[in-house]
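One structure, as structure tokens, below. Some questions next.
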Amino acid sequence: MTAWGWAALALYGFWLVTAFGVRTVIQLRRTGDSGFRGLSGTPGSASWWAGVLFVVALLGAAAAPIATLVGLPVLGGDAPAVHGAGTAIAVVGVVGTLIAQRAMGASWRVGVDQEERTTLVSRGPFARVRNPIFTAMAVTGLGLTLMVPNVLAIASLAALIIAVELQVRVVEEPYLRAMHGSAYLDYAAGAGRFIPGAGRHRTNATDASP
């Protein structure tokens, strides 16, 4: 499993550097703003937990391959086919993350400033899915977990999924609805939440523009 551990660690490091480091540099050059907004909400709130769990997931994703390298056993034993499939899935997730980030352009953010108004992005992958970056992150996490399927990797993936669900449902969707009103509702009625066709918004009489 040593080779798979090193491969997972290298792929994860590449994803971190490109998806956050390089993207931040690009954002700074284009807008003068890093795009980072940090944790939101009061300690203990759902939005605060979303941020905390994101940090846990990121740390856990690094800890999992390191733990494998120092001897933590993987669940199910050595299964090259599973680990190889995980590598392919992780690569797809990394590429998907970068493509979705590029589609966001100047609107790319990590976290939400409730007072800030950004452009509603509905082009590229956002035409079919409202949160393609989160979808790609989850795919990356799944792939990394299959590469080194130990308890830390599984816990990290679970933390990521919970964090994404909280961030989207509790923080970002209410924010976008408040900022963009009917434009966001119309967009959400046609684009799925994480995959095309699933989680589309159902307009009703109580929906109103800001």
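The values are calculated or read from the model by the stated rules, or taken from the named source; none is laboratory data. What you see is a predicted model; the values in this text were computed from it and never measured. Counting neighbours? That spans all protein chains shown, and the Cβs are built from the backbone with ideal geometry, glycine included.
Scan segment 83-94 and report the pairs whose first residue is modelled with pLDDT of 95 or more and surrounded by 15 or more Cβ atoms within 10 Å (Cβ to Cβ) and whose second residue is in a helix (DSSP H, G or I) and among the hydroxyl-bearing types (Ser, Thr, Tyr), with Cβ atoms within less than 6 Å and a gap of 6+ or a chain change.
Ala90/Thr140; Gly93/Thr140; Val94/Thr140
While we're looking at this one, here's another question. Within the bounds of segment 30-37, is there any residue that is out of contact with any helix residue (DSSP H, G or I) (no Cβ under 8 Å at 6 or more places or on another chain) and among the acidic types (Asp, Glu)?
The answer is no, given that none of the residues of segment 30-37 is out of contact with any helix residue (DSSP H, G or I) (no Cβ under 8 Å at 6 or more places or on another chain) and among the acidic types (Asp, Glu).
Is segment 1-21 home to any residue that is modelled with pLDDT under 90, out of contact with any Phe, Trp or Tyr (no Cβ under 8 Å at 6 or more places or on another chain) and buried (at least 17 other Cβ atoms within 10 Å of the Cβ)? Talk me through it step by step, then tell me what you get.
Filtering segment 1-21 down to residues modelled with pLDDT under 90 leaves 1-2.
Narrowing further to those that are out of contact with any Phe, Trp or Tyr (no Cβ under 8 Å at 6 or more places or on another chain): 1-2.
Of the ones still in play, those that are also buried (at least 17 other Cβ atoms within 10 Å of the Cβ) are 1.
Yes, segment 1-21 contains a residue that is modelled with pLDDT under 90, out of contact with any Phe, Trp or Tyr (no Cβ under 8 Å at 6 or more places or on another chain) and buried (at least 17 other Cβ atoms within 10 Å of the Cβ).
Please state which of the following conditions Asp78 fails to meet, knowing it meets all the rest: (1) under 20 Å from the mean Cα position of the chain (by Cα); (2) part of a loop (DSSP other than H, G, I, E, B); (3) not hydroxyl-bearing (Ser, Thr, Tyr).
Among (1) under 20 Å from the mean Cα position of the chain (by Cα); (2) part of a loop (DSSP other than H, G, I, E, B); (3) not hydroxyl-bearing (Ser, Thr, Tyr), Asp78 violates only (1).
From (1) of a type in the set (Gly, Ala, Ser); (2) under 27 Å from Ala57 (Cα atoms); (3) modelled with pLDDT of 95 or more, pick out the condition that doesn't hold for Ala188.
All conditions are met except number (2).
Name the one entry in Ile66, Ile26 that is over 18 Å from the mean Cα position of the chain (by Cα), at pLDDT below 95 and part of a helix (DSSP H, G or I).
Answer to the selection: Ile26.
Hey, Ser34 hits all of (1) in contact (Cβ under 8 Å) with a residue 40 or more places away in the chain; (2) part of a loop (DSSP other than H, G, I, E, B); (3) among the small types (Gly, Ala, Ser) but one; which does it fall short on?
For Ser34, the exception is condition (1).
Look at segment 117-165 and say how many of its residues are in a helix (DSSP H, G or I), crowded, with 20+ Cβ neighbours inside 10 Å, of a type outside the set (Val, Ile, Thr) and out of contact with any Gly (no Cβ under 9 Å at 6 or more places or on another chain).
Matching residues across segment 117-165 total 1.
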